[in-house]
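What follows is one structure encoded as structure tokens, with my remarks underneath.
What follows draws every value from the coordinates through simple rules; no lab data is involved. It should be emphasised that the depicted structure is a prediction, and the values quoted were computed from it without experimental measurement. As a convention, Cβ positions derive from the backbone with ideal geometry for all residues, glycine included, and neighbour counts pool all protein chains shown.
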Amino acid sequence: MPHPSETAKTYPHKPAIIVADALGGGDTMVTYRELDERSNQAAQLFRSLGLRTGDHIALMMENRREYLEICWGAQRAGLIYTAISSHLKAEETAYILTNCEARLFIASPKVAEVAQAAASHATGVTHHFMVGGVRENFESWEEATDAQPDTPIDDQANGVPMLYSSGTTGQPKGVFVPPESNDVHAPHFLAPTLGAAFGFGEETVYLSPAPLYHAAPLHYNMLTLYMGGTTVIMEQFDPEHALALIEEHRVTHSQWVPIMFVRMLKLPEALRNKYDLSSMQFAIHAAAPCPIETKEKMIDWWGPVIVEYYAASESIGATLIDSPQWLTHKGSVGRAMMGEVHIVDEEGHELPPGEIGAIYFSGSQATFEYYKEPEKTAESYNERGWANTGDVGYLDEEGYLYLTDRKHFMIISGGVNIYPQEVENLLITHDKVADVAVFGIPHEEFGEEVKAVVQPQNWVDATDEVAIELMEWLRDRLSHIKIPRSIDFNEKLPRLDNGKLYKRHLVEEYRAAARDDSLKE
């Protein structure tokens, strides 16, 4: 498997990255030679600023050519790089910058206001850069890197990403999977598993319709470039544009979340049938439950190229299911292809097929840690050394896994993970809120939507006006994807004397009501 620097020697003019302009202003192409040179300049800059192997940097920007150039510069310099969501607020961003101990922060003009505010509150960041412009206290990334030589640094090493997930406390936590080797030419960690299963190689043309700060898009783009393929990155997802790109670039691989399937299926039939999709070999999906009817329609439209996997951010195990298998096991996320799946009850006993319990993996060679939180890392394993995904489900007699609940009532809306505890911890500080529960309820298009049920301090505040007031208050403090789409009021939430909120009762009530409504329709 070649490192991009090796592909640059053999195929210098081969497209490495194509950024598809959402507005039709012309695509941007980066050849392997350009990627090699720009990543060398980035690595040289990091060294000139005193960053050494094992140091951390962070980047926050929309999909653009510089994104992967920076990631490859960090990889060649042995740095740990954290991609931050471009939708986060300043306080959330500052927390991650401080927690990951980033010494250098790179942002773009689109997020400049948040980035500047976050940088002013983060501790430890000593260097700030802006791509595509300059801002107060942020230097020009282009000017800084252009001044560097485009040759490799003397002490190249294998840098890796560290992305953030949320814990039960509501604070995000860094999931760090150490590199298996410090050799800069070491293969991507997904290459022997999902990379092999999906046939990634030199001929791969990978369509990436999602933001690069998400784990799967970042990993698959890096994997494609490790293999010498070409990545086609959408600045933002548009259903017809995605189909057009598949035809134009003869895309062989792609990665989706179910909401994208839904939106493509809702296109007029004439548009859906307009484009030649016959080049597609693997259309990969994960990250959210896919409605059975939606997946049936996608397989009928695209053929048996739809493949699904289930895995945790901690790389403790994975399952896989292709189209033929899914058609005979509808709703399943597949059988184990990395590690072994176990279903465990609350007493720690392994359950037989058909019985619902917590999902564990054993036998995986991957190791991880929650950055600076060793006690939370330990909590993820039981006494047998099995790793807990936090999700709930069951196995059938053939070993196929089915999910029945999400970990810690995590909400997945349009493929984005939303953690209720963070919203609850904020809402409870409002003067008019005595107690609050936040959870997901079914949504036809997004899979789930965020619902908040508030116990007001005074019942006279249980009004539509106060609900609007609370949502507006949240909008000033949280990214928009976390804001409840609606707020209801309840005189008393199911919280017992032990202080535990039995949110499951509320979730079951609202989901039952949603099912009843759908039956009436």
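For the chain, what proportion of DSSP beta bridges, expressed in % and rounded to the nearest 5, is antiparallel?
Details: 48 of 87 bridges.
For the chain, the DSSP antiparallel bridge percentage is about 55.
Per the Debye formula with a single identical scatterer at each Cα and no solvent contribution, what log10 I(q)/I(0) holds for region 1-160 at q = 0.20 Å⁻¹?
Summing over Cα pairs of region 1-160 leads to -1.31.
I want the local charge near Val433. Using Cβ-Cβ distances under 12 Å, sum +1 for each Lys or Arg and -1 for each Asp or Glu among the other residues.
Numbers: positive: Lys432; negative: Glu424, Asp431, Asp435, Asp461, Glu469.
Taking every other residue near Val433 into account, the sum is -4.
Under 8 Å for C-alpha pairs, at least 6 residues apart: give me the relative contact order for the chain, rounded to a whole percent.
Numbers: 1069 pairs, mean separation 54.5, N = 521.
The value is 10 percent.
State, in angstrom, two size descriptors of region 250-351 derived from its alpha carbons: Rg to one decimal place and Dmax to the nearest whole number.
Cα only, region 250-351: 15.7, 55 Å (Rg, Dmax).
Give the aspartates and glutamates whose C-alpha is closer than 18 Å to that of Lys89, dropping any in the same chain fewer than 8 places away, or say none.
Glu62, Glu113, Glu422, Glu424, Glu472, Asp476
What is the antiparallel percent of DSSP beta bridges lying wholly in region 4-236, to the nearest 5? All intermediate terms of the calculation are to be shown ahead of the outcome.
Numbers: 9 of 35 bridges.
Close to 25 percent.
Just report the Cα centroid separation between region 323-337 and region 10-55, whole Å.
Spelled out, the Cα-based centre of one part sits 38 Å from the other.
Would you mind calculating the relative contact order of region 4-236 from Cα pairs under 8 angstrom and at least 6 residues apart, reporting the percent as a whole number? Mind showing how you got there, number by number?
Working: 475 pairs, mean separation 54.2, N = 233.
Relative contact order, region 4-236: 23 percent.
Would you mind counting up the charge near Ser479? Only other residues with Cβ under 12 Å from its Cβ, with Lys and Arg at +1 and Asp and Glu at -1. Don't jump to the answer; show the numbers that get you there.
Values: positive: Lys89, Arg475, Arg477, Lys482; negative: Glu91, Glu92, Glu422, Asp476.
The answer is 0.
What order do you get for 192-201, 346-355 when each peptide is scored by the mean count of other beta carbon atoms within 10 Å, highest first?
Numbers: 192-201: 18.4, 346-355: 10.6.
The peptides rank, most packed first, as 192-201, 346-355.
What order do you get for Ser120, Ser208, Ser85, Ser332 when you list them from fewest to most C-beta neighbours inside 10 Å?
Working: Ser120 12, Ser208 29, Ser85 19, Ser332 22.
The order, fewest Cβ neighbours first, is Ser120, Ser85, Ser332, Ser208.
Below 15 Å, Cα to Cα, which aspartates and glutamates can Lys274 reach? Residues fewer than 8 away in the same chain don't count.
Straight-distance partners of Lys274: Glu240, Glu247, Glu248.
When only C-alpha pairs under 8 Å and at least 6 residues apart count, what is the relative contact order of region 248-358, in percent?
Relative contact order for region 248-358 comes out at 18 percent.
By per-residue mean of other Cβ atoms within 10 Å, what is the highest-first order of 452-464, 314-326? It would help to have the intermediate numbers written out before the result.
Details: 452-464: 16.0, 314-326: 20.5.
Ranked by mean Cβ neighbours within 10 Å, highest first: 314-326, 452-464.
Could you tell me what % of all Cα pairs in region 1-56 have separations over 13 Å? The partial results should precede the final answer.
Details: 1021 of 1540 pairs.
Within region 1-56, distances greater than 13 Å cover 66 percent of Cα pairs.
Exceeding 29 Å between C-alpha atoms, which entries from my cross-link table qualify? They are Lys9/Lys173; Lys295/Lys372; Lys110/Lys432; Lys372/Lys482; Lys266/Lys482; Lys432/Lys482.
Result: Lys9/Lys173; Lys295/Lys372; Lys110/Lys432 exceed 29 Å.
Which order do peptides 31-42, 334-345, 66-77 fall in by mean Cβ count within 10 Å, highest first? Could the numbers behind the result be given before it?
On the way: 31-42: 22.7, 334-345: 19.3, 66-77: 25.9.
Ranking the peptides 31-42, 334-345, 66-77 by packing returns 66-77, 31-42, 334-345.
What do the square roots of 5 times the Cα gyration tensor eigenvalues come to for the chain, in whole Å, largest first, as semi-axes of the equivalent ellipsoid?
Numbers: eigenvalues 263, 164, 115 Å².
For the chain, the semi-axes come out at 36, 29, 24 Å.
Ratio of alpha-carbon Rg to the 2.2 N^0.38 Å globular estimate for region 170-329, to two decimals, please. Could you put the intermediate results ahead of the total?
Details: Rg = 15.9 Å, N = 160, 2.2 N^0.38 = 15.1 Å.
In units of the 2.2 N^0.38 Å rule of thumb, it is 1.05.
Dividing the Cα convex hull volume of region 304-408 by residue count, how many Å³ per residue is that? Walk me through the numbers before you get to the answer.
Details: hull volume 10.9 nm³, N = 105.
With only Cα atoms used, region 304-408 gives 104 Å³ per residue.
Apply 1/(1 + (r/R0)^6) to the Cβ-Cβ distance of Tyr11 and Glu143, taking R0 = 22 Å, and write down the FRET efficiency to the nearest 0.05.
On the way: r = 30 Å, r/R0 = 1.35.
Computed FRET efficiency for Tyr11 and Glu143: 0.15.
Identify, among Met337, Pro152, Leu327, the residue whose Cα sits farthest towards the positive end of the charge dipole of the chain, taking +1 on the Cβ of Lys and Arg and -1 on the Cβ of Asp and Glu, with the dipole about the Cα centre.
The listed residue farthest towards the positive side: Pro152.
Tell me, Tyr381, Tyr95 in order of fewest to most beta-carbon neighbours within 10 Å?
Values: Tyr381 14, Tyr95 17.
Fewest-to-most Cβ neighbours within 10 Å comes out as Tyr381, Tyr95.
What is the ratio of the Cα radius of gyration of region 74-197 to 2.2 N^0.38 Å, with N the residue count, to two decimals? All intermediate terms of the calculation are to be shown ahead of the outcome.
Values: Rg = 16.2 Å, N = 124, 2.2 N^0.38 = 13.7 Å.
Against the empirical 2.2 N^0.38 Å value, I get 1.18 for region 74-197.
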